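In what follows, a structure is listed as structure tokens, so that the remarks can point back to it.
The values are calculated or read from the model by the stated rules, or taken from the named source; none is laboratory data. Since the model is a prediction, treat every value here as computed from it, not as a measurement. Glycine gets a Cβ as well: all are built from the backbone with ideal geometry, and neighbour counts include every protein chain shown. Ligands, DNA and RNA are excluded from the accessible area calculation, which covers all protein heavy atoms including side chains. Shrake-Rupley method; radii C 1.70, N 1.55, O 1.52, S 1.80 Å.
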Amino acid sequence: MTITAIPPLDRTAPTFRADCDTYFATSIPNFTTEINALATDLSGRQDIASKAAINAATSAETATKKAADAAGSASSADTSAVNAATSAANALASAGTIGQAAAFSDANPVVKGSTDPTKQLKIECDMLIPAGSTVTLTAPAVSGTIATLSDLQELMRSMVFYDNGASTAVNYANGGTQRVAPASGAKTLSFTNWPAAGKQAVQFLELVNIGLGGTPAWPAGARFIRNDGVLQPTAGAANINWQGSGTDYVMVSTRDGGTTLIISVQRG
């Protein structure tokens, strides 16, 4: 903005009077107006400059924060790169343990427990699978307890009938129902291969003419169920009279590995 200069007054000039009128009536008011306009312009520019300074400070603060974030991102990227490298190394090491000769060990499980990593599931593929064969195991969309081969063996055993002939040695593994037809005279019943203590085991017997020529002797742990449900240490105390001609159907059960035998009898 341009300020109009006020010329000086010359007292000796013949136009001094008129110059004074112009000086006070025109020049000074114009000067005042221009000064006020200049002041307003300066105030506006000062406000703009102040806001620009504030914006500059805010921008500087934002830039500083972005720089810090960028530094943090760079650090995270470095960490991710290190983790990726570690994972790649672990994957390579794991790949090295997988193959035809992979050994089963704590370091090479198929599955670990999520809450207890000491619990592991391993599958042995060397047994029963022909060389060069691929076996696919499909898990059904159900939950439950997986039956083992021993469970199936017990189920199959309970369905098997075995004829011991004249032998009174009962092998639990031979079948769930066994026929015993000894010769006349004294005889002793014995039992082998009961499941370990803690497992309930039941053996059904068909004793043919077991009382012919003498009553059978039972293991020391035998207990006989009387008709009122009370256990007795001998068959006689339980009012059981073995048939010399006919079949006695007997159920023998134990849950302590054969130490105690609970025996009930039905007449055929």
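Points worth noting:
- Unmet criterion (only one of (1) in contact with a Lys or Arg (Cβ under 6 Å, 6 or more places away or on another chain); (2) at pLDDT below 90; (3) of a type in the set (D, E, K, R)) for Asp163: (2)
- Close contacts from the range 23-47, counting a first residue that is within 14 Å of Ala5 (Cα to Cα) and touching a residue at least 60 places away in the same chain (Cβ under 8 Å) and a second that is among the hydrophobic types (A, V, I, L, M, F, W, C) and open to solvent by less than 80 Å² (accessible area, probe 1.4 Å), with Cβ to Cβ under 9 Å and a gap of 6+ residues or different chains, come to none at all.
- Between Ala181, Ala201, the distinction of being over 25 Å from Gln232 (Cβ atoms) and in contact with a strand residue (DSSP E or B) (Cβ under 9 Å, 6 or more places away or on another chain) belongs to Ala181 only.
- Considering the range 1-56, the residues that are charged (D, E, K, R) and not in a helix (DSSP H, G or I) include one that is least open to solvent (accessible area, probe 1.4 Å), namely Asp10.
- Verdict on Asp248 being under 25 Å from Glu154 (Cα atoms), charged (D, E, K, R), open to solvent by less than 60 Å² (accessible area, probe 1.4 Å) and in contact with a Lys or Arg (Cβ under 8 Å, 6 or more places away or on another chain): yes
- Of all residues in the range 154-164 being open to solvent by 50 Å² or more (accessible area, probe 1.4 Å) and either of a type in the set (Lys, Arg) or in a strand (DSSP E or B) (or both), the one that is nearest to Ala183 (Cα to Cα): Asp163
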